Amino acid sequence: MSRRRFMIMGINAAGAATGLLIAAPIVGDILSPVFYKSKQPWVMVADIRHVPVGVPTAYVVMLNDSGDAWQVPAVPRTVYVVKANLSNAVQLITLSNVCTHMQCDVHWDVNLQVFLCPCHGGLYSMIGTNIGGPPPQPLFRYQHKLVGTTLYVRNVLTEGQ
Ligand code: FES
């Protein structure tokens, strides 16, 4: 092998190594959500047999806002548990009570049959859809699971519909 060819191979190898060093964190950052497992603990809410169909029912549970559950103390959060009768099937939904406009607390208004935000009059349907006023999007939903009839949530929010 000639010295010239050896130098070219060395430069190419150094370029490839540099490219890998630059690309690895970028690729890792892009793929990390796929492999991310939430550290948020599941928190018991209630026995869902006590939640009537068609009546959003508020529960206060202690949830961590940080992924580091051992570092930050849990704070009380209101979770609205909804058994909604949709297309002749009862669907279980766990809603945040935080308005998506400017984060005021919404509440279920029995007379109007909507979630009402007292700050600017935002309205949401029983399943959290924004139906009036300034809220730009539906109420967020907590991730939930059932163990038997016991409902658990954790502080992982998804966009509603
Ligand atoms: S904060 Fe709820 S409507 Fe503005």
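The values are calculated or read from the model by the stated rules, or taken from the named source; none is laboratory data. Bear in mind that the values here come from a model prediction, so they are computed numbers and not experimental data. With ideal geometry, Cβ positions are generated from the backbone for all residues, glycine too; neighbour counts draw on all protein chains shown. What goes into the accessible areas is simple: the full protein's heavy atoms, side chains included, and nothing from ligands, DNA or RNA. Shrake-Rupley method; radii C 1.70, N 1.55, O 1.52, S 1.80 Å.
Here are some notes:
- Unmet criterion (only one of (1) exposed (fewer than 12 other Cβ atoms within 10 Å of the Cβ); (2) touching a residue at least 40 places away in the same chain (Cβ under 8 Å); (3) of a type in the set (S, T, N, Q)) for ASN111: (2)
- Reported count of residues in the stretch 119-141, each being in a loop (DSSP other than H, G, I, E, B) and within 9 Å of the ligand (Cβ to nearest atom), is 7.
- Where a residue in the stretch 86-100 is in contact (Cβ under 8 Å) with a residue 12 or more places away in the chain and assigned to a strand (DSSP E or B) and its partner, wherever it lies, is within 12 Å of the ligand (Cβ to nearest atom) and open to solvent by less than 20 Å² (accessible area, probe 1.4 Å), with Cβ under 7 Å and at least six apart: LEU95/LEU139; SER96/LEU139
- Complete set of residues in the stretch 98-116 that are in contact with an Asp or Glu (Cβ under 8 Å, 6 or more places away or on another chain) and within 6 Å of the ligand (Cβ to nearest atom): CYS99
Residue-by-condition table, conditions (1) assigned by TED's automatic domain parsing to the domain that holds THR94; (2) open to solvent by less than 60 Å² (accessible area, probe 1.4 Å); (3) modelled with pLDDT of 75 or more:
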{"residue": "MET1", "(1), (2), (3)": "no, no, yes"}
{"residue": "PHE6", "(1), (2), (3)": "no, no, yes"}
{"residue": "LEU21", "(1), (2), (3)": "no, no, yes"}
{"residue": "VAL51", "(1), (2), (3)": "yes, yes, yes"}
{"residue": "VAL60", "(1), (2), (3)": "yes, no, yes"}
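- Within the stretch 78-97, the set of residues being farther than 12 Å from LEU139 by Cα and either buried (at least 20 other Cβ atoms within 10 Å of the Cβ) or within 12 Å of the ligand (Cβ to nearest atom) (or both) comprises VAL81, VAL82.
- The set of residues in the stretch 121-149 that are of a type in the set (Gly, Ala, Ser) and open to solvent by less than 30 Å² (accessible area, probe 1.4 Å) comprises GLY122, SER125, GLY128, GLY132.
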